[in-house]
Structure formats: structure tokens, C-alpha cells
């Protein structure tokens, strides 16, 4: 186990981390996903959410994290996975993502449940394959083999940056 | 090169010469400089130097005997070149190019033979390592650099420190200059101004900002003359001091933005020559107790902008933070800094994000505490527990108050800026205006102070321009020739009140009315009471100035001021007595971080409406809601029909549909009103405003969020956006057109 400080979030086919990196893995609709542990601030239980009208459906709203108001995004909806009711394993991963103005900002995502922290060796990583139009691979940084299973590694920076501007809000349209 | 050459000695001498140059003008006092130059020459000549270096040190000794007219910059350049040349020599490289053989100093009478004797046409191979365009060039003729360049690659952190300190010094200097204008003999203030320029000069020298160094030096000489009593500080002198401070301020501002990465290395044109000429003219001219300066600055344009890029010497400059060593040759005793500085030193600079975090956490503490209190109540009464909880509540309340006041700063800085403005305006208008400032120590939130500055500036300019009469007019009506402007800040309840009072001609209701009719703001038969008449000056497009002057009266007047203040949840009121003056009263919240909010519930979700925007709320009687075209709805609010906005429908929530079982909240923004239909009123609460953040950046309709009493997030409604007449359906949020 190396205590890697390298941020392996962005991988290209030519560039893979030389040393093993740690990922927090979680489940979404039966699939396993992973984000770099270094980007994760904390994991909390589902808490009261205040919805914000006029936002895309994957933005559940805002939550109060010890006095800070932070956005909460539903990753199932974001990735186009089938919707499901929250259950007792549903939880919130609070991550630090890059802020447009520089620095970082907190960003919370709802997942079906946290699995574990996995050390993934460079040799177990492959770049995201091209699925054509079938799968949106914008957010995927690579695929990690873990024994028989495969985890999809995602970059929350890109997820967060895509929230604004890109899509018009899915709320009620103006009458004009 | 033989290894036993005395380079450390030479470097030591060079450094001492550099410091000497920073604090003494070689043109007037060069005893110690001469001594050092001779030592340096002897050292260097003994070591069998390259021809150019030998010529340069000999030139310097001669220049000490017969200083050229522009000795300061000549020596500055010489010193810089020599440092590089010595480095090159040490490393066995040819000396760097003396790119521009120094011209003959303009005043041939004082021209030393030394200057032109400086090394000419040195070894060409030096050029590749020292591109001529970016290397220093010695000044030619009497041209004084009118361009300062941020030394490329110089230690940015040191530069930041220089800029930060310069800003503080300039504030002190400006304030001192304004005091000196009325009390030219105030020794304490003179010392402050002198010390300011002195320190500025030293710092500029360390940063190799020769242009600024020279400018500061000239003003310092002027102040020194005043300290000695040989030159009284009249208006001309004050003008020069302020002009010099402005030039330095401009340079510092530009350097600051270059440090932030905007066009780094771009040259900064500064009218240094003109100001120096003025300073010299003032020093050589007898004092005039009054009058406006006409000493025409010698147009620097004639010389063309002389670009004198300054690059850092190979040898790192001495640390700027070190207390400037005072050379023995400097006869001026600099008094110790006043207590004010000591007070400033006792404070700590804290990142505002840390303060925000503290406020967030304290807010959470208050919520957690109220939950504990509730739980304790439910668990049954326990006197001891109740007492302890009461104690805890007291502490958290104190803590919250303290945390919120940590962002507060005194309004002093803004008021100081205003004194400068009033002075300049008065000079420009040929009026005499005295500014009396009260309550400078009044504290308010930093962001409020920043936002208040522009409206204040505008109103004071207006008062000076339109309010106060010319001295002749004033004398004619039996007033003193000098008008008085009064600027007063105070705390009143939870807000801060700033009053601007002038003793000018006052507002003439008849004239206001006539003007408003002429401009089509009101109809000729409109009935207005006294207050409404005065308020006309806040109407868009209203300007009372007979002539549009340079200073005010462009029609972007008081309406903009009022709008800006209202945006900050402030108010402005006006009172005037014709012939006696006008008072504007601005009241502002102490902080923009907290608002009092009306908490309303819509479909189980709670929202905050800023109380400031709320006019009234009531349960509509059945039949008081009328429909227009079956879509638009109007509510009869005491005789006037106000459009109804069903908040539930706007926000896509399943809210109470029957107005008779809901509540109407009348909100106002500007002159527009809307009735918001909500399910119920929950209560009033002071809330800390939090930004919704980047994710919701394109989403209008909400002014922010707040943590409510139960720890949930409540959205703060942006009443201005709700009130803004929406095209088409009034049921939809018009902001869906996201860019």
C-alpha cells in the first residue's frame, strides 16, 4: 500500500499513474463506480434536502453541511440510470471539486451505497472504451479491473462543471 | 580570473553604494557616496578589471566631484550596470553592453566630464546574454524617465509587499496633505508626510523603481524645506504633494494588476517629469498663501516617452523589509511612527473565507443548541439543566455577535477618500468648501463600506457642485464665503446612518416642480406634497443643473444613487430648507451578511422573503381576487389592484389553490408591487445569507439561501426578480431563459 498523493483522476490512454492509487468505490444501480479518495471530503447519511425549482432533474437541491449550503446531485439520474427510491444504504458523498473561480468547492452526490476503498494498480487500469453514442463517457476517466468485477472511475470535477450553462434547466418553460 | 580577487569586498561596497543612493541625492550630498566610490575604484583598479569596469568606476568618482544634473538617475543606472558587469567579470564573461552611451547631461554647466567618459562601445559579444532592448540604458540628456516598468522576473512577493505598503503610505500621505492644507505648520503632520515619502523612496530604491524613487525624493525635498521652515506649504505645494501621491498610486495600482497577471511587463506611462518639474518650481518659488497653481508643467511629450525598462540586477536586492538603514550623511532625524501605526500592528489579517467559515459554524452551534434545549424541555423539567442551558445560550449568543462583528471595519478610510474628493472638486469649481467629518470610527461591514463609496462620492460631488454657491453668491446673501459640507456617520439601531449636509442654496420646490414638468416626469397638474416634490430629484432623467458641468449633472444622477443604495437594502431620504442647505440621510444595514426574513411556507417547503421588501400581508377576502383574460390575477389591496403571483405555481409546487385559504404577502421593489400567494406565514427570523454557489449560477429567482432554525436550508426569494413584470404568463418564472 503506497500512500500515493498523486491525483489519478484524469487518465488518458498514454498516461496512467505509475503507482497504485486509492479509490472510493460505490454502487449505482448495481454497477460499481469509483472516485479518487483524495477528492472525497466525507460520507454522510441522507439528510433533508431543499429542492431548487427550475434546475435539471439530477440536481436534487441543496443541503446544510455544518452551516454550509452545498448542492446535492443524484448520480443515478445524472448518468441516466433507472431511478429508484432511497433506502437505508443510500448515502451522500461530499467531494471537493474545482471551482470556476479557482480553488475548490464542496459538491455532494447521492449514491446507492458506499462499498470500500480500493487500491488500484496502474496495470489494472484501462481507458474508457468508445461505446459510440450508447454511453456518455464524458465523466469516465478509466475502467479498473478488480478480480472478476470492473469499476468505472469517474471525475466529479467534470460532473460538477457540466451542471451549469450546458443544459437548460428542465423546469417549467416561460410562457413566451 | 584569479580566485583571490576581492569580489565579496566589491559586492559589499556596491551594496552600500546602492543603499546610499536610495537615501541621498548624489546631486546635493555626495560625501559618503564619494568616499565609497573612491574605495570601490581603488579596489577594482587594483584587481586589474576589464576596461569598461575601470572606466565606469573612474567615471563615478568624477561624477561625485562634479554631479551631473540628473545625478540620481545617472548613478542609479551606473550602479545597476556595474553590478552586472562585476558579475560578468567574476564569471569570466565580457561585461554587458552599455547599450546607449550616456548622453551629455542637459545642463552642460554642471556636466561632469565623467558622464560621457563612461564606457562606450563595449565588447559586442555581451549582447546575446543581455538583449539590448530589455537592458537598462543610462539616461540621456536631462530627460527624466516618464515610464516605470515593473521589473520583469523580480520577486513577486517582494513586489506585493512593496505595493501593499505603498498603498498604506499613500493613504497616510494624502490625509496628511489635506490636514496640512489648513494647518501648514503642524509639525506632527509634516513629519508624517515626510516619513511617508521617505519610506516610499527607500522602498522604491530597493525595488529598483528608479522613477518612483526620484519622484519621492523631490517631494521629500519639498517637505524637508517645509520642516526646516524655509518653505511654507501653500496650495501649490499641497497640489504637488497630492499629484505626486496620485502618480505613485497609479504606478502601484498598475503594478498590482501586473502582478495579478494582467499584461505583466507592460510599461506604465507616468507623468513623473511634469510633477518633478512642478515640485522643483514650487521649491524655488516664494510661498504664496493662496491662489491656484499655474506653474505649467514642462510637457514631457516633447521628449517623447523615454522607456527605461528596469531589470533586476544579477545580485539580489537587499531585503526590503529590513528597516532602511539611515546613512550617517542623512541629517534628517525621522521621528518614530505615531501610536496609530502601533494600533494597526496589533491587528491580524484574516482570510475572509475563514471568517465566513466561523460564522457558518457559529450558526450551526446555535441550531444545535436550540435542538438540545428542545430535547431537554421534552425530557421534563430539571432546574439545574435549564440553568446550564441558559448559560450556554448566553455564550453562543455572544459568540455569534462577536463572529458577525469581525467583518466590521471603521468607515474612516472611505471618509478620507471623500475629503480628497471635496478638496479637488472645490479647486476645480473655484469654490471654497470645508468638509467636516464626524463619526469616522463608526464600524460597518467591509462589503457595505465598499459599496457605499460610490454613492457617497456622487452625492458629495453633487452637493459641492449644485448645493454650495460660489463665494461671491454666498457673501451676497450674508453667508461666509467658505461653504461647509458635513459628513456624519452613526449607528442607529441595527443600521448605520450617513448624513451629508451642505449649507448651500437648498432645493427650491417650485424649481424642482417646473423642471419635472419640463422633463415630462410629472404632469402639469400633478399634486405633490413637500416630500414628494423633493423626491423628484431621485426620478430618472432629472437633473437640476442649469448647465451640465464636468463634475455632475449628466442625468445619471440621484436615481442611480438611490437604486444602488436600495440594492444594498439601504434607503436615502432628503430634507432641504431653501437658502439654508440640504441634508441627505442614507441608512444602510450594518452588514450584507444578515437579513431579517419573513419565513413563509409553500407546499410544505419554507422560503425566506426579505422583510425590507414586505409591505403587508393578509388573508384575501373571497372576491378580492379578479382575473384578467382568465390568466392574469389581480388583488384589491386597499383600493389599488396589484398583480398576484402564485408562488406555488411559479415554483412548480403543489400549493394551496384557494386564495381564501392562503395568505397574500405584498412585496415591493422599486415602484412595482406584487402580491405573493403563500400557504402560511411561519415567522420572522434573522438569517445569514449564503450564496447558492456555482451549480445554481444561472438560476435567478433566488437571492441565496439561509439555514433555518431546524437546520434545513431555506431559499431566499429574490423579490426584485419576482416583481419584475414578466412577459407572457405571470405564473412562470421569467428567468427560464438561461444564457
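Couple of notes before you dig in:
- A residue that is more than 30 Å from residue B:356 (Cβ to Cβ), in a loop (DSSP other than H, G, I, E, B) and touching a strand residue (DSSP E or B) at 6+ places or on another chain (Cβ under 9 Å) occurs nowhere in the stretch B:597-611.
- Any pair with Cβ under 6 angstrom, 6 or more apart, that starts in the stretch B:183-199 at a residue that is farther than 15 Å from residue B:231 by Cβ and ends at one that is at pLDDT below 85 and not in a helix (DSSP H, G or I): B:191/B:335; B:195/B:334
- Of the residues making up the stretch B:652-666, those that are modelled with pLDDT of 80 or more, in a loop (DSSP other than H, G, I, E, B) and surrounded by 12 or more Cβ atoms within 10 Å (Cβ to Cβ) number 3.
- Every residue from the stretch A:126-156 that is modelled with pLDDT of 90 or more and in contact with a helix residue (DSSP H, G or I) (Cβ under 8 Å, 6 or more places away or on another chain): A:144, A:156
- When B:402, B:353 are screened for being touching a helix residue (DSSP H, G or I) at 6+ places or on another chain (Cβ under 9 Å), farther than 30 Å from residue B:242 by Cβ and surrounded by fewer than 18 Cβ atoms within 10 Å (Cβ to Cβ), only B:402 passes.
- Among the residues listed as B:452, B:444, B:421, the single one being within 16 Å of residue B:491 (Cα to Cα) and part of a helix (DSSP H, G or I): B:452
- Verdict on residue B:219 being over 22 Å from the mean Cα position of the chain (by Cα), modelled with pLDDT under 80, within 21 Å of residue B:274 (Cα to Cα) and buried (at least 21 other Cβ atoms within 10 Å of the Cβ): no
- Of the listed requirements (1) out of contact with any strand residue (DSSP E or B) (no Cβ under 9 Å at 6 or more places or on another chain); (2) more than 8 Å from every other protein chain (Cβ to nearest Cβ), residue B:652 misses just one: (2).
- Residue B:711, sole failed condition from (1) within 16 Å of residue B:614 (Cα to Cα); (2) touching a helix residue (DSSP H, G or I) at 6+ places or on another chain (Cβ under 8 Å); (3) within 14 Å of chain A (Cβ to nearest Cβ): (1)
- Residue tally, condition free of Cβ contacts under 8 Å to residues at least 60 places away in the same chain, in a loop (DSSP other than H, G, I, E, B), within 25 Å of residue A:116 (Cβ to Cβ) and more than 12 Å from every other protein chain (Cβ to nearest Cβ), over the stretch A:37-93: 9
- Residue A:128 vs. criteria closer than 15 Å to residue A:144 by Cα, away from chain B (no Cβ under 14 Å) and part of a loop (DSSP other than H, G, I, E, B): yes
- Each residue in the stretch A:100-112 was checked for being farther than 20 Å from residue A:60 by Cβ and either facing another protein chain (nearest Cβ under 10 Å) or not in a strand (DSSP E or B) (or both), and 4 pass.
- Scanning the stretch B:679-708 for residues that are within 14 Å of chain A (Cβ to nearest Cβ) and in a strand (DSSP E or B) yields B:687, B:688, B:690, B:702, B:703, B:704, B:705, B:706, B:707.
The values are calculated or read from the model by the stated rules, or taken from the named source; none is laboratory data. These numbers come from a predicted model, not from an experiment. For neighbour counting, all protein chains shown are included, and Cβ atoms are generated from backbone atoms with ideal geometry for every residue, glycine included.
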